[in-house]
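Scroll down for the structure; my scribbles are underneath it.
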Amino acid sequence: MSLLEVRDLAVSYDARRAVEGISLTVEPGEMVAVVGESGSGKTTTAHAIIGLLPPNATLDGGQILLGGTDLATWSDRRMESIRGAQIGLIPQDPSNSLNPVKTVGAQIGEVLRIHKRGDRRTISRRVVDLLTRVGLPDPETRARQYPHELSGGMRQRVLIAIAIALEPRLIIADEPTSALDVTVQRRILDLIDDLRAEFGTAVLLVTHDLGIAANRSDRLVVMKDGRIEEQGPSSQVLSAPQAAYTGQLLRDAPALSVREFRAVDEAVDETVTQEPAIVVRDLVKEFRVGRRPFRAVDGVSFDVRPGTTHALVGESGSGKTTTARMVVRFAEPTSGTVTIAGAGTGRDFRRHVQLVYQNPYGSLDPRQSVAAIVAEPLRNFRLGDRAARRTRVRDLMERVALPESLLERGPRELSGGQRQRVAIARALAVDPAVVVLDEAVSALDVTVQAQILDLLEELQRDLGLTYLFISHDLAVVRQISHTVSVMNKGRIVEFGTTQRVFTDPRHDYTRELLAAIPEPVL
Amino acid sequence: MTRYVLRRVGQAALVLWAAFTAGYVLLWLLPGDSILIKFQNPELGLSPQQISEIRAYYGGGDPPLVGYLHTLLGFLRGGFGYSIDTGTPVVERLAEALPETAKLATAGFALAVLIAVVIAFAAGYSRTSWLRGALLAVPSLFISVPAFWLGILLIQVFSFRLGLVPVIGGSPAQQLILPVLTLAVPISAPIAQVLARGIDQVYTQPFVPVVAAKGASRRWILWRHVARNAVLPALTVAGMTFGELIAGSVVTETVFGRNGVGRLTEQAVNAQDTPVMLAVVVLASTVFVLVNLAVDLLFPVLDPRLKAAA
């Protein structure tokens with residue numbers, strides 16, 4: 001008998017179907033990965049299994065058999081005995097998944113208290129054991145600390161400790177590493193693998209990252225629009241995908257595609273000596289944390305040639321975003337200079353240098369129409385009359401391949417990819433020469449990500465744009481950039497052409513970063 | 001942490017001084033003349049000469065700055081001067097009125113918090129949407145009720161119709177019931193609203209499903225996780241409303257004929273009794289500043305994230 005068997009599960013939100021009759025099984029000790037893009041129903045499926053669907057969701061039909069018992073018919077009250085004890089959950093975002101006003105130890109001990117496993121002293125001893133087991137140094141101290149005193153990786157370890165505390169038979173891991181840096185990501189996945197081997201726990205891994213799914217799982221379930229497109233042993237699905245959609249996912253996943261590197265000489269005419277579009281020299285930014293100064297950026301220098309893409313790659317806290325903010329003059333350097341060829345001063349600077357942010361939703365005013373958003377820079381700089389601006393907005397929409405029918409809609413009615421296209425159109429409205437892209441594709445699904453990256457390449461070719469591309473994602477950087485600076489702790493540890501850095505890394509930190517990317521499987 | 005406390009205490013002292021100064025300036029600018037109001041009555045038969053002597057006795061003849069410094073010094077020593085209306089020391093009149101108002105305000109505030117907590121948590125716990133909607137509509141209703149009207153209504157219903165609470169006489173506790181209710185209802189509204197919104201907001205936090213995934217019941221989640229996070233913004237509002245109680249007690253004490261600070265204020269305003277009014281202003285700001293200082297100092301205790309910032 002399978003440990004978990006889901007039969008014909010159907011879930012809807014406010015009478016709109018999100019999961020449409022899916023069936024899957026998890027055997028004891030097995031890792032099954034459910035892969036899909038946002039809106040595919042993968043998280044809904046996972047939450048239905050543990051009985052934690054939001055209030056506006058209803059279970060329309062199907063069975064959820066855990067060891068032969070159908071949980072779908074159980075009341076919320078009855079499910080309480082299963083949650084934590086038989087099914088554990090490792091949530092997505094470690095930064096908000098712990099109660100900020102309770103100590104880490106109290107939150108691990110809580111699962112033991114709820115299920116009445118031992119008195120106060122036994123529980124506090126078990127908490128320390130668990131913290132040790134998930135690899136946190138100095139567990140006694142950690143247990144007394146609050147979540148905000150731990151790093152993202154440490155918090156995720158705490159959440160894993162909570163999930164394994166009662167040694168459940170099944171753990172649901174919902175995007176357990178997508179909010180973490182690559183090197184931390186690998187260590188967390190290794191830990192989950194070790195624990196699986198040690199306790200024989202089965203894991204249902206929900207992820208958008210095909211690379212992780214391919215590397216870690218025994219079996220793969222590919223979901224799209226609430227249905228299962230394909231499922232089977234991971235190696236088989238990856239080597240011979242049956243569904244067209246799986247093939248597309250494999251092609252679009254940047255970690256798995258083996259594309260040509262973009263070479264600098266293709267983009268630049270070597271016969272003409274051009275001055276660099278961006279020159280950054282000895283850039284330093286200090287922040288005051290309490291009494292001591294903290295150097296977020298510590299002597300950063302690089303040049304970017306016109307018409308090329310330079311990537312700043314690094315993990316969180318590496319100083320890449322602070323550097324980008326100084327380049328676009330949103331932050332004042334403590335010392336050092338940024339020179340952008342041809343850029344004016346004051347407000348005119350913004351006509352030359354534009355920024356596209358990570359979060360395509362947060363950077364668009366929800367009360368304005370798409371037309372108003374794209375036209376705003378034109379209005380600000382008083383460019384053209386009303387009719388000319390309208391024509392310009394139409395041209396821009398065409399440039400970023402958005403239908404004109406979207407012009408009167410609000411950002412809320414657009415998909416993530418469409419929103420990011422609107423943000424790009426807005427950035428291009430005033431004909432800038434330099435565009436700084438701060439994690440511009442990080443929040444997007446792989447297929448959409450691939451489309452936006454293609455769009456960015458095309459725009460660069462047609463308009464001769466210079467990009468400064470900020471990203472934590474090496475696979476994306478490999479695809480889009482001509483040259484790369486690898487940042488760590490405020491410094492550039494390695495600089496070179498993308499091809500050289502990726503094929504012949506010279507710094508240990510670069511090697512560690514590269515080793516953490518899931519291996520290409522094709 | 002010590003620096004945080006010292007800075008907050010310093011700020012509190014500064015606010016008090018500013019309130020005193022603003023109060024003094026405003027009262028000094030008022031066009032009325034308390035000495036004339038009291039002594040110009042022809043029956044007293046005082047000559048203008050004698051009135052100006054009385055004025056000098058109360059310090060009215062000093063240049064404004066000297067008067068200000070003189071009064072400030074007096075306040076710092078705990079002497080609030082003499083009431084022009086009754087001629088007794090302001091301290092005595094305050095000492096008489098304060099216990100009554102303190103009883104009323106403390107009980108009213110406690111009841112307001114209780115009402116707010118019951119409304120907000122019942123709404124947070126209820127799963128039926130019409131009940132939730134009904135509960136959340138209650139604060140809006142409460143805030144729209146004028147205190148004088150509510151007071152009169154309560155006397156009508158409970159004392160005259162039902163005869164549950166005596167209008168005159170009755171034990172001190174019985175005399176408190178209706179005024180406390182009158183005071184509590186309007187001030188419970190903003191606390192309930194902020195608390196209910198806080199609870200809703202905490203429920204959307206990703207850590208809530210994680211606690212549920214541990215097998216926690218709805219009650220466990222609400223009381224052990226949501227409550228403590230939701231109480232922080234409500235605490236700020238509660239601190240602010242406590243300060244308003246002094247103002248709120250003017251109407252309530254007048255309606256119920258209680259001799260408290262509110263009543264004293266009303267009398268002092270009618271008689272343009274500047275020393276008493278100034279003392280009331282300083283008293284009200286002291287209560288306000290102290291309560292908010294306590295709230296500020298409580299914050300880092302309830303939310304460990306603020307300890308680092310402090």
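Scoring B:ARG132 on the criteria (1) touching a residue at least 24 places away in the same chain (Cβ under 8 Å); (2) assigned to a helix (DSSP H, G or I); (3) surrounded by 13 or more Cβ atoms within 10 Å (Cβ to Cβ) leaves a single failure, condition (1). Taking the numbered list (1) crowded, with 18+ Cβ neighbours inside 10 Å; (2) over 23 Å from B:THR86 (Cβ atoms) in turn, B:ALA294 passes all entries but (1). Note on region A:67-80: residues that are among the hydroxyl-bearing types (Ser, Thr, Tyr) and either within 20 Å of A:LEU204 (Cα to Cα) or touching a Ser or Thr at 6+ places or on another chain (Cβ under 9 Å) (or both) total 1. Scoring B:ILE84 on the criteria (1) over 16 Å from B:ALA271 (Cβ atoms); (2) outside the structural domain of B:SER285 (by TED's automatic domain parsing) leaves a single failure, condition (1). Name the single residue, out of those in region B:200-210 being within 7 Å of chain A (Cβ to nearest Cβ) and crowded, with 16+ Cβ neighbours inside 10 Å, that is farthest from A:ILE171 (Cα to Cα). By that ranking, first place goes to B:GLN205. Among the residues of region A:1-28, those that are surrounded by fewer than 20 Cβ atoms within 10 Å (Cβ to Cβ), touching a Leu at 6+ places or on another chain (Cβ under 8 Å) and of a type outside the set (D, E, K, R) comprise A:SER2, A:ALA10, A:GLY21, A:SER23, A:THR25, A:PRO28.
The single residue among A:ARG288, A:ARG281 that is assigned by TED's automatic domain parsing to the domain that holds A:PRO505, part of a strand (DSSP E or B) and either modelled with pLDDT of 90 or more or under 26 Å from the mean Cα position of the chain (by Cα) (or both) turns out to be A:ARG281. Just give me the residues in region A:332-359 being aromatic (Phe, Trp, Tyr) and over 29 Å from the mean Cα position of the chain (by Cα), in sequence order. Of everything in region A:332-359, just one residue is aromatic (Phe, Trp, Tyr) and over 29 Å from the mean Cα position of the chain (by Cα), namely A:PHE349. All conditions in (1) within 21 Å of A:GLN418 (Cβ to Cβ); (2) surrounded by fewer than 16 Cβ atoms within 10 Å (Cβ to Cβ); (3) among the acidic types (Asp, Glu); (4) in contact (Cβ under 8 Å) with a residue 24 or more places away in the chain hold for A:GLU458, with the sole exception of (4). If I filter region A:322-342 for residues that are aliphatic (A, V, I, L, M) and closer than 18 Å to A:LEU383 by Cβ, do I get at least one hit? Within region A:322-342 (the criterion being aliphatic (A, V, I, L, M) and closer than 18 Å to A:LEU383 by Cβ), the answer is no, since none of the residues qualifies.
Of all residues in region A:15-38, none satisfies being within 14 Å of chain B (Cβ to nearest Cβ) and more than 30 Å from A:ALA253 (Cβ to Cβ).
Annotation: A:LEU191 fulfils all but one of (1) more than 14 Å from A:THR25 (Cα to Cα); (2) in contact with a Ser or Thr (Cβ under 6 Å, 6 or more places away or on another chain); (3) at pLDDT 85 or above; the unmet one is (2). Take the conditions (1) in contact (Cβ under 8 Å) with a residue 60 or more places away in the chain; (2) more than 9 Å from chain A (Cβ to nearest Cβ); B:MET240 misses just one of them, which is (1). Quick one: would you say B:GLY170 is over 18 Å from B:LEU232 (Cβ atoms) and either at pLDDT below 90 or not assigned by TED's automatic domain parsing to the domain that holds B:VAL250 (or both)? So B:GLY170 passes the test.
Every residue, every condition in (1) hydroxyl-bearing (Ser, Thr, Tyr); (2) in contact with a Pro (Cβ under 7 Å, 6 or more places away or on another chain), yes or no:
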| residue | (1), (2) |
| --- | --- |
| B:VAL210 | no, yes |
| B:ALA213 | no, no |
| B:ARG218 | no, no |
| B:TRP223 | no, no |
| B:ARG228 | no, no |
| B:LEU232 | no, no |
| B:VAL250 | no, no |
| B:GLY257 | no, no |
| B:THR265 | yes, no |
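Count of region A:58-79 residues, restricted to those that are within 9 Å of another protein chain (Cβ to nearest Cβ) and free of Cβ contacts under 8 Å to residues at least 24 places away in the same chain, is 1. What is the one condition in (1) buried (at least 18 other Cβ atoms within 10 Å of the Cβ); (2) out of contact with any Leu (no Cβ under 6 Å at 6 or more places or on another chain) that A:ARG157 does not satisfy? The number of the failed condition is (2). Give region A:479-494 a look and list any residue that's surrounded by fewer than 19 Cβ atoms within 10 Å (Cβ to Cβ), assigned to a strand (DSSP E or B) and either assigned by TED's automatic domain parsing to the domain that holds A:VAL182 or in contact (Cβ under 8 Å) with a residue 24 or more places away in the chain (or both), or say none. Hit for region A:479-494 is A:ARG491, nothing else. Filtering region A:440-455 to residues that are assigned to a helix (DSSP H, G or I) and either touching a helix residue (DSSP H, G or I) at 6+ places or on another chain (Cβ under 6 Å) or without any contact (Cβ under 8 Å) to a residue 40 or more places away in the chain (or both) leaves A:VAL446, A:THR447, A:VAL448, A:ALA450, A:GLN451, A:ILE452, A:LEU453, A:ASP454. A search for C-beta distances below 6 Å between a residue of region A:126-155 that is within 14 Å of chain B (Cβ to nearest Cβ) and any residue that is of a type in the set (D, E, K, R), counting only pairs 6+ apart in sequence or on different chains, returns A:PRO147/A:ARG155; A:HIS148/B:ARG305.
In region B:192-214, the residues that are of a type in the set (S, T, N, Q) reach residues that are not in a helix (DSSP H, G or I) with C-beta atoms within less than 9 angstrom, at least six apart or across chains, in these pairs: B:GLN205/A:ASN96; B:GLN205/A:SER97; B:GLN205/A:ASN99; B:GLN205/A:PRO100.
Of the residues that make up region A:306-327, is at least one of a type in the set (Lys, Arg) and under 28 Å from A:ARG262 (Cα atoms)? Yes. Please indicate, with yes or no, whether at least one residue in region B:220-231 is under 30 Å from B:VAL281 (Cα atoms) and within 14 Å of chain A (Cβ to nearest Cβ). Yes, the conditions are met somewhere in region B:220-231. Within region B:161-168, identify whether any single residue is in a helix (DSSP H, G or I) and surrounded by 20 or more Cβ atoms within 10 Å (Cβ to Cβ), and answer yes or no. No - not one qualifying residue is present in region B:161-168. Once region A:89-109 is narrowed to residues that are in contact (Cβ under 8 Å) with a residue 12 or more places away in the chain and at the interface with chain B (Cβ under 7 Å from one of its Cβ atoms), the residue that is farthest from the chain's Cα centre (by Cα) is A:VAL101. Taking strands (runs of 3 or more DSSP E) as the structural unit, those lying wholly within region A:302-382 and holding at least 2 residues that are β-branched (Val, Ile, Thr), in contact with a strand residue (DSSP E or B) (Cβ under 8 Å, 6 or more places away or on another chain) and surrounded by fewer than 16 Cβ atoms within 10 Å (Cβ to Cβ) correspond to A:335-340.
Checking each residue in region A:431-450 for being surrounded by fewer than 18 Cβ atoms within 10 Å (Cβ to Cβ) and out of contact with any His (no Cβ under 8 Å at 6 or more places or on another chain) picks out A:ASP431, A:THR447. Checking region A:461-469 against the condition returns no match, with no residue being more than 26 Å from A:ALA343 (Cα to Cα) and surrounded by fewer than 19 Cβ atoms within 10 Å (Cβ to Cβ).
The values are calculated or read from the model by the stated rules, or taken from the named source; none is laboratory data. Here the structure is a predicted model, which means the values were calculated and not measured. As a convention, Cβ positions derive from the backbone with ideal geometry for all residues, glycine included, and neighbour counts pool all protein chains shown.
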